[in-house]
Amino acid sequence: MDRYAILTGYKTSFSSYSSTDSRPTVEKVLKYSGNNFDIRKRADVKREVVVFKLLSGTTTLLVEDEKPQELEQQFQAIIYMEQPDSHSQKEVIYDRMLEITDQLFDWANDTSAGDIHSDLYTVTTTSVDAIEEEDGYLSTNVNFTSIIKI
């Protein structure tokens, strides 16, 4: 099991899904292992971006097992959108944020885990955070859990 390869699989799979979906394609899809503050400083972050980030993982070890067989891996897709200066464009940006959130839900439901990476058993959406307004951008997180073969 290579967690970096699985993170790349999430990014590649969602990018492909977004480009073939009937909704507009997300401008930029990235993978990242730092923190949110570092992401805001990146030069390649465009008007809208989805960043896949691994979170914690846990294993279950049964008494009869020599080693764990599966890893329950939490990850999130962080959505950043540039906030417009004009008040009239704010509603459009909020609508687009919700559209990308829907697209992430649909991706997790429509895509087979094995198509993302051969070591994945499942991908499940667990929650969505509230949209936050920061200086110059909006952000939200869509949280997922995957079961990964060790």
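The values are calculated or read from the model by the stated rules, or taken from the named source; none is laboratory data. Everything numeric in this text was worked out from a predicted model, so none of it was measured. Note that we place each Cβ from the backbone using ideal geometry, even for glycine, and neighbour counts take in every protein chain shown. For accessibility, only protein heavy atoms count, side chains too; no ligands or nucleic acids. Shrake-Rupley method; radii C 1.70, N 1.55, O 1.52, S 1.80 Å.
Things worth noting here:
- Net +/- balance of residues flanking PHE75 in space, Cβ distance below 13 Å, scoring K and R +1, D and E -1: +3
- Rounded to the nearest 10 degrees, the angle from helix 87-110 to the longest Cα principal axis of the chain is 20 degrees.
- Lys, Arg +1 and Asp, Glu -1 on Cβ, resulting dipole of the chain about Cα centre, debye, nearest 20: 480
- Listed residues VAL51, VAL26, VAL92, most fluctuating in the chain (Gaussian network, C-alpha, under 10 Å): VAL92
- Degrees, to the nearest 10: 3-20 long Cα axis against longest axis of the chain: 50
- FRET efficiency estimate (nearest 0.05) - Cβ-Cβ, VAL63 to SER19, R0 41 angstrom: 0.30
- Computed accessible area, LYS28, all protein chains, 1.4 angstrom probe, square angstrom: 60
- Among the protein heavy atoms of the chain, carbon and sulfur supply 46% of the accessible surface, probe 1.4 Å, non-protein parts ignored.
- Prolate/oblate/rounded label for the stretch 76-150 (Cα gyration tensor, a/c 1.5): prolate
- Ranking ILE150, THR60, THR125 by how far each Cα lies toward the positive end of the dipole of the stretch 47-150 (charges on Cβ) leaves ILE150 at the top.
- Every helix of 4 or more DSSP H residues in the chain counts as -39500 (n - 2.57), and over all residues that averages to -11000 deg cm²/dmol at 222 nm.
- For the stretch 139-150, 3J(HN,Hα) per residue [Karplus equation, 6.51 cos²θ - 1.76 cosθ + 1.60, θ = phi - 60°, Hz, x = Gly/Pro]: 8, 8, 10, 10, 9, 9, 10, 10, 9, 10, 6, 8
- In terms of packing, defined here as the mean over residues of other Cβ atoms within 10 angstrom, the peptides 57-63, 109-115, 70-76 line up highest first as 70-76, 109-115, 57-63.
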